[in-house]
1. How many residues, within region 133-162, are touching a Leu at 6+ places or on another chain (Cβ under 6 Å) and within 15 Å of the ligand (Cβ to nearest atom)?
2. Picking from SER26, SER30, which residue would you name as being farther than 26 Å from LEU163 by Cβ, buried (at least 23 other Cβ atoms within 10 Å of the Cβ), within 16 Å of the ligand (Cβ to nearest atom) and touching a residue at least 60 places away in the same chain (Cβ under 8 Å)?
3. I need the full set of residues from region 58-103 which are within 18 Å of the chain's Cα centre (by Cα), within 13 Å of the ligand (Cβ to nearest atom) and assigned to a loop (DSSP other than H, G, I, E, B), in order please.
4. Conditions first: (1) of a type outside the set (S, T, N, Q); (2) within 25 Å of GLN244 (Cα to Cα); (3) within 16 Å of the ligand (Cβ to nearest atom). PHE165 passes all but one, so which condition is the exception?
5. Just one of VAL193, VAL171, VAL187, VAL205 is assigned to a loop (DSSP other than H, G, I, E, B), at negative phi, of a type outside the set (D, E, K, R) and without any contact (Cβ under 8 Å) to a residue 12 or more places away in the chain; which is it?
6. For region 220-233, check the following and say yes or no: at least one residue is among the acidic types (Asp, Glu) and without any contact (Cβ under 8 Å) to a residue 24 or more places away in the chain.
Amino acid sequence: MAWVPSLFESVEINSDFAIMRYAILSDIHSNLVALQAVLAHLERRRVDRLICLGDIVGYGPAPNECVQLIIDRAGLCMMGNHDWAVLEEETLADFNAYARHALLWTRKQLTASNKAFLKTLGMMHIEANATFVHSTPHVPAAWDYILSKWEARQQFSFLQTWLCFIGHSHVMGIFEQRQNKISYGKVNILPLVEELRYIINVGAVGQPRDLDPRAAYGIWDSDKEQVELYRVEYDFAQTQRAMQQANLPQYLIDRLADGR
Ligand code: ZN
């Protein structure tokens, strides 16, 4: 298996063909059981490089374990708003009471070295004609969402690459730009067309919100020119028990079972 355990050192990528299969994960949210299920799933799918789009922490019960796994397994990771919030004291006003509670808890749990790692995360990365970002390609640190075709149209006008991979909304889906027309849809396999452009939301590993509780992630195969969007079953009851033990808010515990 051609796994690249590159540990955030710079990887030589001189052509679009250097890397064939990218696994793209986002919004892990300290859900170790979901992350392990996704890693096991993608290991059977011959992935060359793993990119994380951020929000490793927040909401869930295992922040240190998740940060450690991403350090070990991902070639690159972007900054998410929850990763940012555990580092910056003043930003919690933007979060609802449940998220705030979990973030304060996470700040106490995280080791100094894992916090130091989160501090190194970049906001946006461009590679092989694709943009990788947690929220939007325009102003990543504004943490805006791309939920509507109208918002997607704005973002396409700032996008400098053929593809853009995002997370943040925890809702898997694809915006496609065909000349001036934007369409939105959900498919398992997306054949990529050179004349079109795409903003692809790979969904959330650790807290899906599209009424499907299974973990979500994507694979971009630059050789076959397609994106594969996967859902992976995991034992969410195990994560819920760990959250109960950590006294995390009941609302955050319940939502994992419903995918909302
Ligand atoms: Zn998130």
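Here, each number is a calculation from the coordinates, and none is a lab measurement. It should be emphasised that the depicted structure is a prediction, and the values quoted were computed from it without experimental measurement. Note that each Cβ is placed from the backbone with ideal geometry, even for glycine, and that neighbours are counted across all protein chains shown.
1. Residues meeting the conditions: 1.
2. Of the residues listed, the single one that is farther than 26 Å from LEU163 by Cβ, buried (at least 23 other Cβ atoms within 10 Å of the Cβ), within 16 Å of the ligand (Cβ to nearest atom) and touching a residue at least 60 places away in the same chain (Cβ under 8 Å) is SER30.
3. GLY58, TYR59, GLY60, MET79, GLY80, VAL86
4. All conditions pass for PHE165, except number (2).
5. Residue meeting the stated conditions: VAL193.
6. no
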